[in-house]
Amino acid sequence: MVNVLLIGIGPTTLTALDSLMSKFHVQGVVRDAGIDDPVINLAQKASIPVFPDTSQKAIKSLVLKYQPDCVVVSSYNQILPPSIIELSTFINVHYSPLPQYRGRANVNWAIINDEPCAAISIHKISPDLDEGNILFQQLIPIRIDDTVADLYDKLNQIQWQNLGNTVVKAFNGYEGVRQNNTEATYGCTRLPEDGEINWSTSTRSINCLVRALVTPFPGAYTYFQGKKLLIWQAIPVENPPVYLGRIPGRIVGRSKEGFVDVLTGDGILRILQVQFIGSARTAPANIIKSVKSTLGLQTADLLNRIETLEAEIIKLKENAK
């Protein structure tokens, strides 16, 4: 029976393991997750060893020790060097329509950029980033209400259905399709601070940002009364009234149901669920009480905070005398 080692540190690894278990002898899973991790639970139920050291040095040692026929990677945050990938057949699962969106945060970027489709690509690993021959690829449409969590669920299901069979096909001699490097595009790493909403942009683009950053990601955010406010759910208002007097970020409506309407650069976004850091999620009308309110960092708020800090510094200096 073919021996496979699985490397995976993210949410895609569960269906990868389940798919491989039905076709191969899985020698181990390289994963550094914590308590009650579903991947580790599945591995332990199947008596598959879990190796928590995800460093390249540790991976190289495992490959040399176990001599797997294939190493499958599903969610790993480092580029494996030639000194490792030459030791076995390496196959990677990448959630984008390669050669487009090589790199990081591919599903997030697809929603943020309002792409029509997301995708899963299973490809051979080569020394360069996401450049190996494509063994399997499937595109799925991105609906206007799809969140990043929805897309991951759909792509994970496709991975579960096809990863094992794709690796079998590769072992039977299928070399895959060479990527056209002239069509390559890339996605950079995203950081939590990249999720700040610019209310001067379009309603659609803000809605895309919100949908792209829902749990398990950090969330799109704005500021209200100087405090960071996470926006977890929102929808565009269809056929909104035309505001010729427009201040992006200004609240223009509150409802008994709890939502609030906010002016954007070209329309109105209806916010349905928000959260202050350290507090529970709630309807925005529970926090935002007036149509005189404006979301985002305001110059007046910043000046007031600076003046308050300056006064505190002066007071501390006087007390220190």
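Checking Ile271, Ile288 one by one, the residue that is closer than 19 Å to Val210 by Cα and in a loop (DSSP other than H, G, I, E, B) is Ile288 and no other. Against the list (1) part of a loop (DSSP other than H, G, I, E, B); (2) in contact (Cβ under 8 Å) with a residue 24 or more places away in the chain, the condition Trp232 fails is (1). In the stretch 1-16, what residues are of a type in the set (A, V, I, L, M, F, W, C) and either closer than 19 Å to Asn156 by Cβ or not in a strand (DSSP E or B) (or both)? Of everything in the stretch 1-16, those that are of a type in the set (A, V, I, L, M, F, W, C) and either closer than 19 Å to Asn156 by Cβ or not in a strand (DSSP E or B) (or both) turn out to be Met1, Val2, Val4, Leu6, Ile7, Ile9, Leu14, Ala16.
Checked against the criterion of being of a type outside the set (Lys, Arg), under 22 Å from Glu131 (Cα atoms) and touching a residue at least 40 places away in the same chain (Cβ under 8 Å), the candidates Tyr66, Tyr76 yield just one match: Tyr76. Within the stretch 277-296, the set of residues being within 21 Å of Glu193 (Cβ to Cβ) and exposed (fewer than 15 other Cβ atoms within 10 Å of the Cβ) comprises Ile277, Gly278, Ser279, Arg281. Residues that are at positive phi and either part of a loop (DSSP other than H, G, I, E, B) or aromatic (Phe, Trp, Tyr) (or both) do not occur anywhere in the stretch 196-211. Of all residues in the stretch 213-247, those satisfying the criterion of being under 30 Å from Asn304 (Cβ atoms) and aromatic (Phe, Trp, Tyr) are Tyr221, Tyr223, Phe224, Trp232, Tyr243. Please go through the stretch 123-178 and pick out each residue that is touching a residue at least 24 places away in the same chain (Cβ under 8 Å) and either in the same structural domain as Thr203 (by TED's automatic domain parsing) or of a type in the set (S, T, N, Q) (or both). Result: Ser126, Asn133, Gln137, Gln138, Thr147, Asn156, Gln157, Gln159, Gln161, Asn162, Asn165, Thr166.
Hey, any hits in the stretch 170-180 for a residue that's assigned to a helix (DSSP H, G or I) and closer than 28 Å to Phe90 by Cα? Yes; the residues of the stretch 170-180 include at least one that is assigned to a helix (DSSP H, G or I) and closer than 28 Å to Phe90 by Cα.
For Ala311, indicate whether it is assigned to a helix (DSSP H, G or I) and under 16 Å from Gly249 (Cβ atoms).
Taking the combined requirement at face value, the residue does not satisfy it.
Scanning the stretch 32-63 for residues that are without any contact (Cβ under 8 Å) to a residue 24 or more places away in the chain and in contact with an Asp or Glu (Cβ under 8 Å, 6 or more places away or on another chain) yields Asp32, Pro52, Asp53. Of all residues in the stretch 139-175, those being in contact with a Phe, Trp or Tyr (Cβ under 7 Å, 6 or more places away or on another chain) and either at pLDDT below 95 or polar (S, T, N, Q) (or both) number 2.
A single member of Leu191, Leu155, Leu163 is within 27 Å of Ala220 (Cβ to Cβ) and either touching a helix residue (DSSP H, G or I) at 6+ places or on another chain (Cβ under 6 Å) or crowded, with 17+ Cβ neighbours inside 10 Å (or both), and it is Leu155.
The values are calculated or read from the model by the stated rules, or taken from the named source; none is laboratory data. None of these values were measured; they are calculated from a predicted model. Virtual Cβ from ideal backbone geometry, glycine too; neighbours counted across all protein chains shown.
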